[in-house]
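This report refers to the structure that appears directly beneath it.
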Amino acid sequence: MSESRAASGRTQSIGGAAVARLMQFGALPIAVVFSIIVFQIGNDRFLSEMNVINMTQQGVFLMLIAFGQMIVLISGGFDLSVGAVVAMTSVISAKVMVAVAIIFPDSAAIAIWAGFFAALGVGLVTGMINAFGVAILKVNAFIVTLATASIFQGVTLVISSGVQVSGLPRPFVYEIGSGRIWGIIPTSALLALPAIAAIYIAINHMRFGRYLFAIGSNANAAIVAGIRVNRNLIGAYVACSVITAFAGWLLTARVSSGEPLLGGEFPLSSIAAAVIGGCSLRGGEGSVMGVFLGVVFITVLGNGMDLMRIGSNYQMIALGVVLVGAVVLDRYRSSHTLS
């Protein structure tokens, strides 16, 4: 009798764990597999080696930005300025690289490093501006980041005069932008791995991550618990912008020029990927693995529709539908948790 009860208890615990996992990721893994099958049937080139490499190159930029968005979402906010940060990073880092390359014509590495640090500087400044509005002035994150998105885009257009910046160092374009390690792994994906690992460690194994979950769940309770809310919110917005700027620098290498209108799709797609992956719009929820699956789903969806010659206008409709579905799923998860 006791053995049957124990077996029943184990079954219930396994079932409970499965339900909890399903509530965390929803039907996302199933949707990813189903999408891959459908697109492979629709076009047998979908799972070819060349297209898988292409999807990896396409997805790495969204992956970084979505992880940055995840950090802010966990804290209870979100960042609508990521697309403008990508554009500003692209133009400023490109201008810096071109200028340094003129001074040091025989050393492309110096120009590339200068562009990299310029990108990080852009991320640091834009992140501090967003953090000042949200954490210090206590203005709603939607208003702050919507306003800063307009400001950053305007500054970018003023700096560039609306014209792309060309003449980037060849190793930056051909080795970082389109190069591959062992002929398979895109260089940009390899360069992104340390950043992704750092995000994983910060969210899952450091006090910073635990504090963000606490702030997003209940900011007042976090204050009572002795957590420095403002300091951690500043850290969240700065981290998001720095990661986004890094993605913008890598994307500049991919497109081979500084583009003042680059990154316009990232605010919507990064939020969609994060929310689909289990981040809550109310804060306090999210996981690296969930956001990873969300990015994979959106990348597969976009690439598959490209191969099936579905127009960009219809792709925008599909992404909007996916985002609405993610918000509905988020509300369902929340109501299930409360019940």
Please report how far the C-alpha centroid of the range 121-146 lies from that of the range 225-266, rounded to the nearest whole angstrom. 12
If we sort 223-230, 30-37 on the protection proxy, mean other Cβ atoms within 10 Å, highest first, what's the order? 30-37, 223-230
With DSSP loop assignment and no more than 15 other C-beta atoms within 10 Å, the chymotrypsin sites (Phe, Trp or Tyr not before Pro) in the range 152-214 are Trp182
At R0 = 25 Å the Cβ-Cβ FRET efficiency linking Val224 and Lys138, nearest 0.05, sits at 0.90
Which whole-percent values make up P(r) of the range 58-166 when all C-alpha to C-alpha distances are grouped in 5 Å steps starting at zero? 2, 12, 19, 21, 18, 13, 8, 4, 2, 0
Using only the Cα atoms, work out Rg/Rh for the range 180-291, with Rh taken as the Kirkwood radius, to two decimals. 1.03
So what is the calculated 222 nm ellipticity per residue for the chain, using -39500 (n - 2.57) for each DSSP H run with n of 4 or more, over all residues, to the nearest 500 deg cm²/dmol? -25500 deg cm²/dmol
Which residue fluctuates the most in the chain, going by a Gaussian network model with Cα springs under 10 Å, if the choices are Ser178, Ser75, Ser241? Ser178
Under the 7 Å Cα-to-Cβ spin-label approximation, Asn54 and Glu265 lie apart by a distance in nanometres of 1.3
Going by average Cβ density within 10 Å per residue, which order do the peptides 242-252, 277-287, 140-150 take, highest to lowest? 242-252, 277-287, 140-150
Among (i) 21.2, 83; (ii) 20.7, 63; (iii) 24.1, 85, which one is Rg and Dmax of the Cα atoms in Å computed from these coordinates? (i)
Out of Pro267, Pro169, Pro194, a Gaussian network model of the chain with alpha-carbon springs under 10 Å gives the largest mean-square fluctuation to Pro194
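Every read-out reported here was derived from the displayed coordinates using simple, explicitly stated rules and does not represent laboratory data. Nothing here was measured: the structure is a model prediction, and the numbers come from that model. Don't worry about glycine lacking a Cβ; one is built from the backbone with ideal geometry, like all the others, and counts go over all protein chains shown.
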